[in-house]
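Each remark here refers to the structure printed beneath this line.
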Amino acid sequence: MDRQPLYHDSHDLTYRAPFGAVRVGCSVTLRMGILDGYYVSLPRVRIRWSDGESTLYMEAVGEVYNGYHLVEAKFTPHKTGQFWISFAAELRC
């Protein structure tokens with residue numbers, strides 16, 4: 001099975017904590033894994049909600065999990081409701 005160069009699993013606490021719904025004002029940590037042997041620049045996560053969006057740049061965590069080097073960003077929801085996330089980075093091997 002081929003492994004993807006960038007990885008995220010929202011059901012794994014390594015990649016999203018806390019899991020599930022959070023209260024307004026509670027910090028959420030989002031992580032993305034970068035497969036060993038790949039290098040990225042400008043890793044980022046875009047967070048969208050019903051009336052806006054924000055882009056956060058991610059920083060290296062200094063951990064490797066299942067062969068992926070982790071980067072993370074933290075954000076705090078400012079209102080109730082759902083939000084959607086998408087990850088991006090310039091990738092080279």
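The values are calculated or read from the model by the stated rules, or taken from the named source; none is laboratory data. The model shown is predicted, which means the values in this text are computed figures rather than measured ones. Please note: Cβ atoms are built from the backbone with ideal geometry, for glycine as well, and neighbour counts cover all protein chains shown. Heavy atoms of the whole protein, side chains included, go into the accessibility calculation; ligands, DNA and RNA do not. Shrake-Rupley method; radii C 1.70, N 1.55, O 1.52, S 1.80 Å.
Over the chain, what percent of the accessible surface lies on carbon and sulfur atoms, probe 1.4 Å? C and S fraction of accessible area: 50 percent. The residues of the chain present an accessible area of 66 Å² per residue when probed at 1.4 Å with all protein chains retained. Rounded to the nearest Hz, the phi-derived 3J(HN,Hα) couplings of the stretch 11-24 under the Karplus curve 6.51 cos²θ - 1.76 cosθ + 1.60 (θ = phi - 60°) are 9, 10, 4, 5, 9, 8, 9, x, 7, x, 5, 10, 6, 4, where x marks glycine and proline.
In this simple spin-label model, placing a label point 7 Å from the Cα along the Cα-to-Cβ direction at both residue 14 and residue 74 gives a separation of 2.1 nm.
Multiplying the residue separation of residue 3 and residue 57 by 0.36 nm and removing their Cα-Cα distance gives an extension gain of 17.1 nm.
Dividing the alpha-carbon radius of gyration of the chain by 2.2 N^0.38 Å (N being the number of residues), what value is obtained?
1.09
Restricting the chymotrypsin sites (Phe, Trp or Tyr not before Pro) of the stretch 5-67 to loop positions (DSSP other than H, G, I, E, B) with no more than 12 neighbouring Cβ atoms within 10 Å leaves 19.
Annotation: amide H of residue 58 within the under-5 Å range of 44, 45, sequence separation 5 or more or interchain, hydrogens built in the peptide plane. Per-residue surface analysis assigns residue 50 an accessible area of about 100 Å², computed on protein heavy atoms at 1.4 Å probe radius. Cα centroid separation, the stretch 34-90 to the stretch 1-16: 12 Å.
Taking amide H as placed 1.01 Å from N in the peptide plane, the amide H of residue 63 sits under 5 Å from that of 70, each at least 5 places away or on another chain. Each residue, residue 50 and residue 38, gets one label point 7 Å from its Cα in the Cβ direction; the gap between the two is 3.5 nm. For the chain, a Gaussian network of Cα nodes joined below 10 Å ranks 51, 12, 36 by mean-square fluctuation, and the top entry is 51. Kindly write out, for the stretch 49-58 in residue order, the coupling ³J(HN,Hα) from the Karplus curve 6.51 cos²θ - 1.76 cosθ + 1.60 (θ = phi - 60°), rounded to whole Hz, with x marking Gly and Pro. Taking θ as phi minus 60°, the curve returns 9, 4, 10, x, 7, 8, 10, 10, 7, 9 Hz for the stretch 49-58.
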